[in-house]
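Undergrad: Let me give you the structure first, and then I'll get to my questions.
The values are calculated or read from the model by the stated rules, or taken from the named source; none is laboratory data. Not measured: the values here are computed from a predicted model. Neighbour counts run over all protein chains shown; Cβ positions are idealised from the backbone, glycine included.
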Amino acid sequence: MIKNTNKVAIISTSLGNGGAEKFASLLSFMLENLNIEVHTIIINDAVDYEYAGELLNLGIDTESRFPFFKKIKKGFLLNRYLKEKQISCIIDNRPRNNLLREIITNWIYGGRKKIVIVHSFKLENYFPKSVFWSQFLYRKAAKIVCVSGAIEKEVKLKFDLKNTKTIHNPFDFSRIQISKDTATTVDYILFFGRFEEKVKNFSLMLEAFFISKLFLQGFQLFLLGDGPDLNKIQDSIKEFQLEDYVIILPFNSNPFDIVQNARFTVLTSHYEGFPMSIIESLALGIPVVAVDCNSGPKEIVIDEYNGLLVENYNAITLAAAFNRMISDRELYAFCEKNAAKSVAHLSIETISKQWESILNKNNDN
């Protein structure tokens, strides 16, 4: 096979715990499988996920007591690396919510082809509020990749940018071992992801679990992950007097043995992008109960087909959905049967072809 002359750098905040970080890991393998020379660049020193290609960890190479000088050094090292490695295309996977920093970053990127990814419906994480500055920063991008159709629609509406495309997040189990016959003596429902209250809304999840009284039927709620709000979550568990019924498990980059033994998985977010936990749960044949937040769940969860999609911010409705998934055995069996095939179009093989298409178009420009 002839080596692709395209040299692509995927630039991310880190490879630590989080959906965007997991996506960066998957994307590096997708590009490597397309025979592209991959460079994975991270700003902060956190590596929980595997990656393909060469790694530049700016978090290690820029030790300093002074944050301002640390940032300058990171910019200098990034600029030098892009030149030395003759990077031809940059895929920017970071949040981009500081205008001055992004103007400087655009200068560092120079005339290289640039693809930017928008991972969240909360657009202020990725765009300046000003339409003018958003257009200034993004109009020359080869493509603005949005992980959900709802995000792409919102970007077009707010900023009148035409160079957008929706490419969903994929799932991939090819590099991990999943024990098909793991037995469990515990009945549980599961959340897995980042412990961040302002995004994931654990307060709603815990309130609904309390109202559902599923714990009186022997069910526990497992929370698997890590993040800045672990202490807040523990305090909320105590407030609801659920200490014996809500179990916190540490972050695991390969949580799938635990996922496949859950009765169903739960998502209660204020907002999302295209949540990978839902995709992975369904791909393993585990139904989902999710709130209809912006964005993502309504593009994945088909109500009463592969799970239940319920009104957001309504703990009573959510609790009823929890109970229905347990009590309505016919519904559950139907959702379980349909789960994996409902996300077959999100396999890494299918999503890789979409990335190959936009990269080839970029090469033609």
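Undergrad: Please enumerate the residues belonging to region 332-365 that are surrounded by fewer than 16 Cβ atoms within 10 Å (Cβ to Cβ) and over 30 Å from Ala24 (Cα atoms).
TA: The answer is Ala333, Phe334, Lys337.
Undergrad: Go through region 10-61 residue by residue and tally those that are in contact with a Phe, Trp or Tyr (Cβ under 7 Å, 6 or more places away or on another chain), part of a helix (DSSP H, G or I) and under 22 Å from Asn98 (Cβ atoms).
TA: Within region 10-61, residues that are in contact with a Phe, Trp or Tyr (Cβ under 7 Å, 6 or more places away or on another chain), part of a helix (DSSP H, G or I) and under 22 Å from Asn98 (Cβ atoms) number 1.
Quick grid of which residues meet (1) surrounded by fewer than 20 Cβ atoms within 10 Å (Cβ to Cβ); (2) touching a Leu at 6+ places or on another chain (Cβ under 6 Å); (3) closer than 22 Å to Leu359 by Cα:
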site: Arg94; (1), (2), (3): no, no, yes
site: Ile115; (1), (2), (3): no, no, yes
site: Val118; (1), (2), (3): no, no, yes
site: Ser130; (1), (2), (3): yes, no, no
site: Lys140; (1), (2), (3): yes, no, yes
site: Lys165; (1), (2), (3): yes, no, yes
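Undergrad: Right, next: Examine region 126-140 for a residue that is under 25 Å from the mean Cα position of the chain (by Cα) and closer than 20 Å to Phe76 by Cα, and state whether such a residue exists.
TA: No: zero hits.
Undergrad: Ok, one more. Within region 139-149, which residues are closer than 20 Å to Lys129 by Cβ and touching a helix residue (DSSP H, G or I) at 6+ places or on another chain (Cβ under 7 Å)?
TA: Ile144, Cys146
Undergrad: Starting from residues that are of a type in the set (D, E, K, R) and more than 19 Å from Ser174 (Cα to Cα), keep the ones in region 316-363 and report whichever is modelled with the lowest pLDDT. Before the answer, list the steps.
TA: Filtering region 316-363 for residues of a type in the set (D, E, K, R) gives 324, 328-330, 336-337, 341, 349, 353, 356, 361.
Restricting the remaining residues to those that are more than 19 Å from Ser174 (Cα to Cα) gives 324, 328-330, 336-337, 356, 361.
On the way: Arg324: 98, Asp328: 97, Arg329: 97, Glu330: 98, Glu336: 98, Lys337: 98, Glu356: 94, Lys361: 73.
Filtering region 316-363 for residues that are of a type in the set (D, E, K, R) and more than 19 Å from Ser174 (Cα to Cα), the one modelled with the lowest pLDDT comes out as Lys361.
Undergrad: Based on what the data block shows, is Leu56 modelled with pLDDT of 85 or more, in contact with a His (Cβ under 7 Å, 6 or more places away or on another chain) and surrounded by 17 or more Cβ atoms within 10 Å (Cβ to Cβ)?
TA: On the way: modelled with pLDDT of 85 or more: yes; in contact with a His (Cβ under 7 Å, 6 or more places away or on another chain): yes; surrounded by 17 or more Cβ atoms within 10 Å (Cβ to Cβ): yes.
Yes; evaluated as a whole, the condition is true for this residue.
Undergrad: Give me the pairs: first residue in region 208-220 and touching a residue at least 24 places away in the same chain (Cβ under 8 Å), second residue among the polar types (S, T, N, Q) and part of a strand (DSSP E or B), beta-carbon distance under 7 Å, and six or more apart or on different chains, which are they?
TA: Pairs that qualify, where the first residue is touching a residue at least 24 places away in the same chain (Cβ under 8 Å) and the partner is among the polar types (S, T, N, Q) and part of a strand (DSSP E or B): there are none.
Undergrad: If we only count helices (runs of 4 or more DSSP H) wholly inside region 136-224, which ones have 1 or more residues that are farther than 22 Å from Val291 by Cβ and either touching a Ser or Thr at 6+ places or on another chain (Cβ under 9 Å) or outside the structural domain of Gly110 (by TED's automatic domain parsing) (or both)?
TA: Details: elements: 149-159, 197-200, 202-212.
Helices (runs of 4 or more DSSP H) meeting the threshold: 149-159.
Undergrad: A further question follows. Hey, can you tell me all the residues within region 268-296 that are farther than 19 Å from Phe23 by Cβ and charged (D, E, K, R)?
TA: Matches in region 268-296: Asp292 only.
Undergrad: Among residues belonging to region 253-304 that are of a type in the set (Asp, Glu) and modelled with pLDDT of 95 or more, point out the one that is nearest to Leu318 (Cα to Cα).
TA: Across region 253-304, the extreme among qualifying residues is Asp292.
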